[in-house]
1. Would you point out which residue out of H89, H62 is touching a Gly at 6+ places or on another chain (Cβ under 7 Å), assigned to a helix (DSSP H, G or I) and buried (at least 20 other Cβ atoms within 10 Å of the Cβ)?
2. Please determine, by comparing only the residues of region 1-26 that are at pLDDT 95 or above and within 19 Å of A103 (Cα to Cα), which one is surrounded by the fewest Cβ atoms within 10 Å (Cβ to Cβ).
3. Quick check, is A131 at negative phi, surrounded by fewer than 17 Cβ atoms within 10 Å (Cβ to Cβ) and not β-branched (V, I, T)?
4. Sort out which residues of region 94-142 are among the β-branched types (V, I, T) and either closer than 25 Å to L67 by Cβ or touching a Pro at 6+ places or on another chain (Cβ under 7 Å) (or both), and write them in order of number.
5. Tell me which of these V80 doesn't satisfy, since it passes every other one: (1) surrounded by fewer than 22 Cβ atoms within 10 Å (Cβ to Cβ); (2) under 20 Å from the mean Cα position of the chain (by Cα); (3) modelled with pLDDT of 95 or more.
6. Which of the numbered conditions does A174 fail, given that it passes all the others? Conditions: (1) over 27 Å from L266 (Cα atoms); (2) under 16 Å from the mean Cα position of the chain (by Cα); (3) not β-branched (V, I, T).
7. Give me the pairs, please: first residue somewhere in region 244-260 and free of Cβ contacts under 8 Å to residues at least 60 places away in the same chain and within 23 Å of M284 (Cα to Cα), second residue anywhere and surrounded by 17 or more Cβ atoms within 10 Å (Cβ to Cβ) and aromatic (F, W, Y), beta-carbon distance under 6 Å, and either six or more positions apart or on two chains.
8. Of L115, L95, which residue is touching a Phe, Trp or Tyr at 6+ places or on another chain (Cβ under 8 Å) and either of a type in the set (A, V, I, L, M, F, W, C) or part of a helix (DSSP H, G or I) (or both)?
Amino acid sequence: MVPDTIRFMTAQFASARLTRHPDGITAVDTEYIRPGLAASHIIQHGGAAAFVDVGTNYSVPHLLGALQELQIDPAAVEYVFTTHVHLDHAGGAGLLLQSLPSARLVVHPRGASHLIDPAKLIAASKVVYGAERYRELYGELIPVDASRVLQSEDGQRITLRGRPLQLLHTPGHALHHYCVVDLEHHNLFTGDTFGLSYREMDTAHGAFGVPTTTPSQFDPAQLIDSIDRLMATEPKAAYLMHYSRVTGLPAMAASLKAQIPQLAALALRHADDADPYAAIYGEMRALWIELAGRHGLADPAASVDEYLSKDIDLNTQGLIAWVKRQRR
């Protein structure tokens with residue numbers, strides 16, 4: 001059998017689902033699990049480009065196809081920003097860099113070693129997904145050459161042909177998380193810190209957002225603080241991995257900050273249950289159905305079950321892991 005990585009490196013560029021946004025920003029569907037679930041973003045400025053988050057190995061042909069469609073020379077890509085090293089965000093970084101001769105990978109210091117030598121990252125991901133499902137989702141990770149890695153510093157500014165981008169360390173979803181602030185255009189690239197919001201659940205009230213508490217470093221107090229820190233930059237729009245551009249950020253931030261302690265409380269309430277997973281999953285689903293109904297979804301239960309069931313599963317696992325850490 002030909003290894004996945006060899007097939008990717010020799011494959012033609014794949015077609016890409018693109019959504020063009022203001023300020024030289026384009027969302028590229030990474031084709032992770034389903035269309036509309038995960039987006040990489042390309043920032044173009046002054047003849048140069050940067051990626052923010054890259055998806056998995058299976059996403060790479062689509063990202064290269066996006067460069068082709070946007071008429072961007074791969075050599076013009078100067079940076080690949082990976083907001084954190086969870087594999088739906090960073091799993092394809094090593095493979096992608098093989099086609100970007102000038103790019104440097106920007107990664108949090110806590111995550112850098114995991115992309116240079118991904119063995120521990122692979123092992124941890126297999127615990128969450130199982131070995132077979134892991135390979136279906138992510139393929140074979142390619143290590144990143146350490147000489148191409150730039151470790152982020154909190155508050156650091158990087159310029160893309162004169163366009164200032166600031167990196168803010170934002171723990172809460174993960175200790176190895178940072179966000180990118182597009183200073184002149186008042187945009188945020190938030191990874192998972194600002195939750196997730198699928199476009200299928202938009203209503204006349206705007207975007208419907210929920211927090212991500214996935215394994216294994218969720219911390220409610222840190223996450224609320226990180227959301228406040230992002231909002232202090234007075235952003236006009238946020239670009240989420242799950243999924244792309246949202247506005248109306250004050251209302252969404254308030255909703256996220258209200259939900260985070262609710263999720264933490266329900267996890268603690270069921271910590272000693274015989275089956276905490278079932279209870280936490282059920283209560284989270286009920287909470288999100290209630291909130292989705294208030295948000296104007298015509299059939300909130302059906303929407304939550306269709307678009308958020310996998311997120312409820314991962315959030316439940318993360319909450320259980322958080323409770324266990326509290327008791328050590």
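1. On the way: H62 fails: touching a Gly at 6+ places or on another chain (Cβ under 7 Å).
Among H89, H62, only H89 is touching a Gly at 6+ places or on another chain (Cβ under 7 Å), assigned to a helix (DSSP H, G or I) and buried (at least 20 other Cβ atoms within 10 Å of the Cβ).
2. Checking each candidate, the answer is G24.
3. Values: at negative phi: yes; surrounded by fewer than 17 Cβ atoms within 10 Å (Cβ to Cβ): yes; not β-branched (V, I, T): yes.
Here the answer is yes, as A131 does meet what is asked.
4. Residues satisfying the conditions are V106, V107, I116, V128, I142.
5. It is condition (1) that V80 fails.
6. Of the numbered conditions (1) over 27 Å from L266 (Cα atoms); (2) under 16 Å from the mean Cα position of the chain (by Cα); (3) not β-branched (V, I, T), the odd one out for A174 is (1).
7. Listed by first residue and then by second, the contacts come to nothing, as the list is empty.
8. On the way: L115 fails: touching a Phe, Trp or Tyr at 6+ places or on another chain (Cβ under 8 Å).
After ruling out the rest, the residue left standing is L95.
The values are calculated or read from the model by the stated rules, or taken from the named source; none is laboratory data. Just so it is clear, the structure is predicted and the values come from calculations on it, not from any experiment. Positions of Cβ are generated from backbone atoms using ideal geometry, with glycine treated the same way; all protein chains shown enter the neighbour counts.
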